[in-house]
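Student: Structure below; questions to follow.
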Amino acid sequence: MGYTTAPWVGFGEALAAVAGALTGLLFVALSVKGDVVAASRSLSSRAAETLVLFMISVLVLVAVLLVAPQPAAALGSELLAVAVVSGAALLILDRRAGHDSDQVVARFIERFSPNTITAVLVGVAGITFLVKAGGGLYWLIPATVASLVGGVVNAWLFLVRVTG
């Protein structure tokens, strides 16, 4: 089952709905605290990281790639591309946010944001799907859990921890 896409279509559809709703939560949290987030390069970068985590699940990782009918080689290659692009974007945003922030919420988000884990797990899913050994699409389960849980924690921290 980890090497064919048909059984994963329902998973992709359900995940798209969940991640879409959570993306809405992020926008609500950011709009409530928009002035404070906009004034801080660290917080705005962390907000962008959270959005990338949700988008990995909602648009690219599962919702679009798994549900779209395509050859297996294309899906595996696309998963690898998603891992590289999202990993690079998350790394750039993390460096832009910095680590010596005086914002307490930024330090909390640094601890709870599973950026590297998500990108690596997506890459592992792509590689093992292409070689048809090692788990294949089953690696998408921990990848999506990591991205969604990390994103939810980040959105919650923006909502309750950002003061201003």
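Student: Name the residues in segment 134-161 that are open to solvent by 50 Å² or more (accessible area, probe 1.4 Å) and either of a type outside the set (D, E, K, R) or touching a Gly at 6+ places or on another chain (Cβ under 8 Å) (or both), would you?
Tutor: Gly134, Tyr138, Trp139, Ile141, Pro142, Val145, Val149, Val152, Trp156, Leu159, Val160
Student: Among the numbered criteria (1) of a type in the set (A, V, I, L, M); (2) assigned to a loop (DSSP other than H, G, I, E, B); (3) buried (at least 21 other Cβ atoms within 10 Å of the Cβ), which one does Ala83 miss?
Tutor: Ala83 satisfies every listed condition except (2).
Student: When you check Pro114 against the structure, is it within 17 Å of Met1 (Cβ to Cβ) and either of a type outside the set (Phe, Trp, Tyr) or modelled with pLDDT under 85 (or both), yes or no?
Tutor: no
Student: Residues that are under 17 Å from Val85 (Cα atoms), of a type outside the set (Asp, Glu), out of contact with any Ser or Thr (no Cβ under 8 Å at 6 or more places or on another chain) and part of a helix (DSSP H, G or I): does segment 37-46 have at least one?
Tutor: yes
The values are calculated or read from the model by the stated rules, or taken from the named source; none is laboratory data. A quick note: this is a predicted structure, and the numbers were derived from the prediction, not measured. No Cβ is skipped: glycine too gets one built from the backbone with ideal geometry, and neighbour counts run over all protein chains shown. Note: accessible area is taken over every heavy atom of the protein model, side chains too, but ligands, DNA and RNA are not part of it. Shrake-Rupley method; radii C 1.70, N 1.55, O 1.52, S 1.80 Å.
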